[in-house]
Structures are given as C-alpha cells and as structure tokens.
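Written out below as structure tokens is the structure these notes cover.
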Amino acid sequence: MNNKFSYKCINCNSSFIPEGKDYLCKQCAESNNSTQPPKGVLKTIYNYPAIAGNYGGDFIFEKLAERDFIDILPIQSIDSFPKLRVGNTPLYKVDSLNSKVLDFLLYLKDDSQNPSSSYKDRASALVSAYAKENNFNTIIASSTGNAGSSIACMAAANKQNTIVVVPAKAPLAKLVQIKMYGAVIIPVKASYDDAFRLCNELSDKFGFYNRNTAYNPITIEGKKTAAFEIFSQLENKSPDNVFVPTGDGVIISGIYKGFEDLLNLGIITHVPTIISVQANGSSNINNNLDNPKFSWNKPNTFADSISVEIPANFYMASGFIKKYNGIAVNVSDTEIREAVNLLAKQYGLFSEPAAATAFAGLMKLYNKNLIAKNSSNVVLLTGSGLKDINSVLSNLKLPEAVSPNIDFASQLIAKSGLI
Ligand SMILES: *Cc1c(COP(=O)(O)O)cnc(C)c1O
Ligand SMILES: [Zn+2]
C-alpha cells in the first residue's frame, strides 16, 4: 500500500507491510487472553538512512524546529490532520520548588493545552488523519475518559464518526466532552479493562476503525511527537531526564520511540533517561519489569487516567525501559494530591491527578537528592485539572456565600492573612 513505513512485531520480530486496519501481529495475538498483557504490538519502522540522506542534518533540524514531522509519521500529508492546533505545547522553565532555588534545570511541558485538554490528542489526531487517508469513516475507542473525548474531538473536526466505550464512573467532564463532540457514547458498568475488550469485539464485528491504545500502532506514533518538540524547544538538545505518567504505557513508549527515531536518524547520540511514574495502586508496568511471573493487581488509585489492570503496551514499555536504562518510580495518592496542589499554587498549572503523577515522581527523587546538579529535567503534564474537579473537591473548602458587604468580605480576606 505504501513504502513509507513498515511494522515490526515487538514479540516475534516479524515484519509486516501495512494493509490499512493494522492492529496486533496475528500470530502473536492468537495466544492472547484477558489475564495477561497482550503480545504482538507493532512498532512502526521508517527507512531512516534514506530520510537522513535525503535531507542532511541541518535541514532536519529546521523541519523539527518548524514542527514538521511528516517524514517520520505514518501518513502521506499533514493536510489530513484535523484543522486544530494539536501539540506544539509550551515548555515552561521554572526556577524554584517549595521556595528553594533549584540547582538543576526544570521544565514543565503543558499538554493540557491541547484541543481536548490532554496529551491523548497527539495520538487521536494522527489516528484521525490516517483514517481520513484510508477512508475509514467511523472510529471506535475505549477509554478511561481522555482518549474518548480526544478522538471524539479530532473526529468532529475531521468530519468522521466516533463511538466511545467508557466506564460510566469516568469523571463527568470527560463524559460531557465525549457527548458534546457528537460521539456515540457507550457507558459501561465495568472497568476500563472491560471497556477495552468490548471495544475490540465491536470493532471486529462491525469493522469500525479501532483506536484502542497500543492495539492500534498509530497511537504510539502520535504520542512520540512530544519528544521531537522537547528536543527542538531545548534548542536541539535532549534533556537528561523525562518524567512520564504511566498507565497503559503508550505515552512512555511514544517518548522513547520519538527519541529512538532521532537516534536512528543520527540526530542524537543517546536516549535520555525516562522515568516511568505510576501510582502505587496501579503500577503493573513498574512492578513487573523484572518479574517473569507477572502479578497483576486490580487498580486502586484516584488518578483515573492511569488506572489500569493489564497495561495494553506492557511489553513495549518494559522493553524500552530496560533497553535504555529507564527508572521506575511509584508514588502514593497522597503524593499525587500534593503534586496537584503544588503545581497549581506555585506555577499556575492545574493538572488532573494522572498528569500531576509525573511531577510527584520528580518530587520524590528531588526529596531524596537524586536529581543531579545541573541536569536538565522535563516533566510531562498530560491533562487539565478541569477534567476532574471532583478529585480535588473533597479536600477543598469553598467558603459559604456572603452578602456583598464590605465587612463580610473583609472577614474572609482577614482569614487568609492578607489584611
Ligand atoms: C492516558 C493518560 C496517561 C497515561 O498514558 P498511557 O499511555 O496510558 O501510559 C497519563 N496522563 C493522562 C492525563 C492520560 O490521559
Ligand atoms: Zn508477532
């Protein structure tokens, strides 16, 4: 169908020519069952020497600086993207933490600034573009909430239909987004893992194009673009460390894949240290890195976007972490809550719990003095706090309403110590 890219199965190493609706390696998928992480996720491979040779180093730098990644994306034209600004999100440099001046460089990449307010738009935009080029008019996805609202958003802008299977317990704002963008919503009285399975069954039965994360290799390619942006925003330098919140393990694999593409193009000489940060209550990637007898715990964390039992991209994520000496850090819900508060109050960045998890990981290493002096560190903030206000409402006391009277108002201000 095209000779721009091919796929390679990460479990059996077989290569495949893309056919259109490409999901898992069929041979490996045969032995998959719902109690183990799926085998057969496909990695997208380009003709790196040809791309590097075509352009020469400088031109590629220029293209990266212009955020034009078309040579290393599995689509033919950037015109296929929904006409929304996806990615190209700010990278903020901050100088202090808890009023202490930092002796390392700290950058916050604010991906809540995507159209549907989460990092998922990077994957959804590319899936939507790919579907457009291949005339797949209906896209189905399962989601804890963000992937669903994201694909509904991108498909709306690209004049496509969407069906989203989502736990009925997902945060209300995410359910509302899915409906507002015009998707068919299927709320299920079940977990995200159950929604994922049902989505695959529906796509098998009706032929809808399936956006399920990692199951569809294009999702990983979409999620890699932040790595190119970080490199270019740091003036063509890699950071030393990137902190990533991890659930199914697709964002982290995307970040690795992005830096690995740059490595394969001869643009960088080594891949940064990636820190996989998971919630204690949903840490099945971090906890099984060296465990040949997997143990899968039921998820239990208030960070809904990273609450997953069987990580859809376990093998790729753990493979990357081991190959490039990544670091696994788990944090408690209390630490995540602190990170949400700290990001909002110190930097003006209101993140949902899953997004603040990466920052909680940085805090943990910082408190143990494990962040090297002068090192450069990027934390991915993957979603907006407005998507899940209930998660903070329980710890937040809004004062009772008062009459618009200067005495009442003064009393409230006095409590804060400002007068
Ligand atoms: C999906 C999501 C993550 C985790 O990404 P995975 O690819 O599942 O590891 C982190 N933060 C937010 C806000 C998300 O929506
Ligand atoms: Zn295979």
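The values are calculated or read from the model by the stated rules, or taken from the named source; none is laboratory data. Keep in mind the model is a prediction, meaning the values are calculated, not measured. Heads up, the Cβs are rebuilt from the backbone with ideal geometry, glycines too, and the neighbour counts pull from every protein chain shown. Only protein heavy atoms, including side chains, enter the accessible area calculation; ligands, DNA and RNA are left aside. Shrake-Rupley method; radii C 1.70, N 1.55, O 1.52, S 1.80 Å.
Tabulated data
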item: Residue in region 44-60 that is within 23 Å of the chain's Cα centre (by Cα) and of a type in the set (A, V, I, L, M) present; result: yes
item: In region 342-376, the residues that are among the polar types (S, T, N, Q), part of a helix (DSSP H, G or I) and either without any contact (Cβ under 8 Å) to a residue 12 or more places away in the chain or within 15 Å of ligand 1 (Cβ to nearest atom) (or both); result: Thr357, Asn367
item: Enumeration of residues in region 31-45 that are buried (at least 19 other Cβ atoms within 10 Å of the Cβ) and more than 12 Å from ligand 2 (Cβ to nearest atom); result: Pro37, Thr44
item: Pro311 vs. criteria of a type outside the set (A, V, I, L, M, F, W, C), out of contact with any Cys (no Cβ under 6 Å at 6 or more places or on another chain) and open to solvent by 30 Å² or more (accessible area, probe 1.4 Å); result: no
item: Residue satisfying condition, being modelled with pLDDT of 95 or more and surrounded by 24 or more Cβ atoms within 10 Å (Cβ to Cβ), within set Ala155, Ala168, Ala173; result: Ala155
item: Any chance Phe208 is away from ligand 2 (no atom under 16 Å from the Cβ), open to solvent by less than 30 Å² (accessible area, probe 1.4 Å) and of a type in the set (Phe, Trp, Tyr); result: no
item: Test: residue in region 79-98 that is open to solvent by 40 Å² or more (accessible area, probe 1.4 Å), free of Cβ contacts under 8 Å to residues at least 24 places away in the same chain, at positive phi and part of a loop (DSSP other than H, G, I, E, B); result: no
item: When residues of region 377-416 are limited to those that are of a type in the set (Gly, Ala, Ser) and touching a residue at least 12 places away in the same chain (Cβ under 8 Å), the one surrounded by the most Cβ atoms within 10 Å (Cβ to Cβ); result: Gly383
item: Test set (1) without any contact (Cβ under 8 Å) to a residue 40 or more places away in the chain; (2) within 18 Å of Asn212 (Cβ to Cβ) - Ala317 fails condition number; result: (1)
item: Subset of region 272-290 [surrounded by fewer than 22 Cβ atoms within 10 Å (Cβ to Cβ) and not in a helix (DSSP H, G or I)]; result: Thr273, Asn280, Gly281, Leu289, Asp290
item: So Lys4, is it more than 10 Å from ligand 2 (Cβ to nearest atom), open to solvent by 30 Å² or more (accessible area, probe 1.4 Å) and within 18 Å of Ser318 (Cβ to Cβ); result: no
item: Selection count where residues are surrounded by 19 or more Cβ atoms within 10 Å (Cβ to Cβ) and near ligand 2 (Cβ under 9 Å from one of its atoms), scope region 14-25; result: 2
item: Test: Leu202 is in contact (Cβ under 8 Å) with a residue 40 or more places away in the chain and open to solvent by 50 Å² or more (accessible area, probe 1.4 Å); result: no
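This table checks each residue for (1) in a helix (DSSP H, G or I); (2) within 15 Å of Val379 (Cα to Cα); (3) at pLDDT below 95.
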residue: Ile218; (1), (2), (3): yes, no, no
residue: Gly222; (1), (2), (3): yes, no, no
residue: Pro239; (1), (2), (3): no, yes, no
residue: Val242; (1), (2), (3): no, yes, no
residue: Gly247; (1), (2), (3): no, no, no
residue: Lys257; (1), (2), (3): yes, no, no
residue: Gly266; (1), (2), (3): no, no, yes
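Residue-wise test of (1) touching a Gly at 6+ places or on another chain (Cβ under 9 Å); (2) away from ligand 1 (no atom under 16 Å from the Cβ); (3) open to solvent by 40 Å² or more (accessible area, probe 1.4 Å).
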position: Lys8; (1), (2), (3): no, yes, yes
position: Cys12; (1), (2), (3): yes, yes, yes
position: Ala29; (1), (2), (3): yes, yes, no
position: Gly53; (1), (2), (3): no, yes, yes
